[in-house]
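Structure first, then comments.
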Amino acid sequence: MPDWEALYQEGDTGWDRGEVSPALHQYLEAGVFEGVKSVLIPGCGRGYEVVELAKRGFDVTALDLAPSAIAHLQKVLKEKGAQAETACVDIFAYDKPQAFDVVYEQTCLCAIDPSQRQAYADVVYDWLKPSGKLLLNMMQTGDAGGPPFHCDFMDMKALFSSDKWIWQAQPPLMITRGQGRVSPRFELGYILEKKEVNHA
């Protein structure tokens, strides 16, 4: 896997849009965040979505493995007069102090090795409150390798299975990539609701 901090240091951050993802604006306009207080954003990078949600008054927690990304986010939050909890941490080692209303998943799943996907799905489930929402933006690359790793729809349906998750009935969001240049990559945005599992 890449040395993410080294890539930030070298300025090799092709995944960075440089702005808030169109997906977040669409979720906000659709009312997905109504009644929401707490939001967790794993693999937040430079945290454009973190800043946007913090400015709107949400209680946002942001996680990333790269110190440079977190330092940049903290600097921007201070400049904007916004507040959010930030942690430079491996997501699998994150000891959550609370459960969250929403997990906003944008570029974390596609960045981790596919062998870790089940572990990631498990921690996401644990992070959420009962009936909490996962905003799952699935990277579509059409390529075999990565990162970013392709998030095949059927693979994701199996990973976030119906015994633990309710998938939205409406069509997904279509989120373009490319920072102003033509790119074959895009994301499919789905809303999933956490189901409580009966262990009896």
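Bear in mind that the values in this text are calculations on the coordinates, not laboratory data. Note that the structure is predicted; figures quoted are calculated from it, not measured. Cβ atoms come from the backbone with ideal geometry, glycine included; neighbour counts cover every protein chain shown.
For this structure, a couple of remarks:
- Selection status of residue 68, under 21 Å from residue 34 (Cα atoms), of a type in the set (Ser, Thr, Tyr) and over 13 Å from the mean Cα position of the chain (by Cα): no
- Evaluation of residue 74 against the conditions (1) over 25 Å from residue 149 (Cα atoms); (2) surrounded by 15 or more Cβ atoms within 10 Å (Cβ to Cβ); (3) touching a Leu at 6+ places or on another chain (Cβ under 9 Å) shows that the sole unmet condition is (3).
- Failed item in (1) surrounded by fewer than 13 Cβ atoms within 10 Å (Cβ to Cβ); (2) among the small types (Gly, Ala, Ser); (3) outside any helix (DSSP H, G or I), with residue 62 passing the rest: (1)
- Residue 86 in contact with an Asp or Glu (Cβ under 6 Å, 6 or more places away or on another chain) and assigned to a strand (DSSP E or B): no
- Of all residues in segment 12-19, none satisfies being surrounded by 14 or more Cβ atoms within 10 Å (Cβ to Cβ) and touching a strand residue (DSSP E or B) at 6+ places or on another chain (Cβ under 8 Å).
- Subset tally (residues that are touching a helix residue (DSSP H, G or I) at 6+ places or on another chain (Cβ under 8 Å) and assigned to a loop (DSSP other than H, G, I, E, B)) for segment 142-165: 8
- Residue check for residue 32: within 27 Å of residue 141 (Cα to Cα), surrounded by fewer than 21 Cβ atoms within 10 Å (Cβ to Cβ) and touching a Lys or Arg at 6+ places or on another chain (Cβ under 8 Å): yes
- Criterion: in a loop (DSSP other than H, G, I, E, B), under 22 Å from residue 164 (Cβ atoms) and either touching a Phe, Trp or Tyr at 6+ places or on another chain (Cβ under 6 Å) or not aromatic (Phe, Trp, Tyr) (or both) - qualifying residue of 101, 122, 126, 95: 95
- Test: residue in segment 100-113 that is more than 18 Å from residue 138 (Cβ to Cβ) and touching a strand residue (DSSP E or B) at 6+ places or on another chain (Cβ under 9 Å): yes
- Look at segment 55-72: where a residue is within 14 Å of residue 45 (Cβ to Cβ) and a partner is buried (at least 17 other Cβ atoms within 10 Å of the Cβ) and among the charged types (D, E, K, R), sitting 6+ places away or on another chain with Cβ atoms under 8 Å, you get 69/46; 70/64; 72/46.
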